[in-house]
Amino acid sequence: SRVQMRGDVSAPTWVLHGSEDRLVWVEHGRDTAQSVANGKLRVIDGMGHDLPSAVIPLVREAIASHCMDAGGETAAKMA
């Protein structure tokens, strides 16, 4: 199952989750981040299950930061 497979993920993983998501509760995102080795959770205040244009800069920054933390040269060129 998907839940059992999370333990097999070894890549640094960042779970991005909206604080107002009513389809998949924040607790589920927290559980996912905790059950993946090197998992981290970032909750975006005010975001629901959708991705409104107002939060795209926050999501972009979170992804770029995650890539930089992973140490990839490609990520450094993208920033």
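The values are calculated or read from the model by the stated rules, or taken from the named source; none is laboratory data. Please read these numbers as outputs of a predicted model, since none were measured by experiment. Cβ atoms come from the backbone with ideal geometry, glycine included; neighbour counts cover every protein chain shown. Keep in mind that these areas ignore ligands, DNA and RNA; they rest on the heavy atoms of the full protein, side chains included. Shrake-Rupley method; radii C 1.70, N 1.55, O 1.52, S 1.80 Å.
Share of carbon and sulfur in the accessible area of region 4-56 stands at 54%, probe radius 1.4 Å. For Asp21, the amide hydrogen comes within under 5 Å of no other amide hydrogen, counting only partners 5 or more places away or on other chains and with H modelled in the peptide plane. Once backbone amide H atoms are built at 1.01 Å from N, Lys40 has Thr13, Trp14, Val15 as its partners under 5 Å, excluding neighbours fewer than 5 places away on the same chain. 3J(HN,Hα) along region 41-50: 10, 10, 9, 9, 4, x, 7, x, 7, 8 Hz, from the Karplus curve 6.51 cos²θ - 1.76 cosθ + 1.60 with θ = phi - 60°, whole Hz, x for Gly and Pro. Each peptide among 59-69, 30-40 gets the average number of other Cβ atoms lying within 10 Å of its residues, and from highest to lowest they stand as 30-40, 59-69.
Between Leu58 and Glu20, the modelled labels are 1.0 nm apart [label points 7 Å from Cα along Cα→Cβ].
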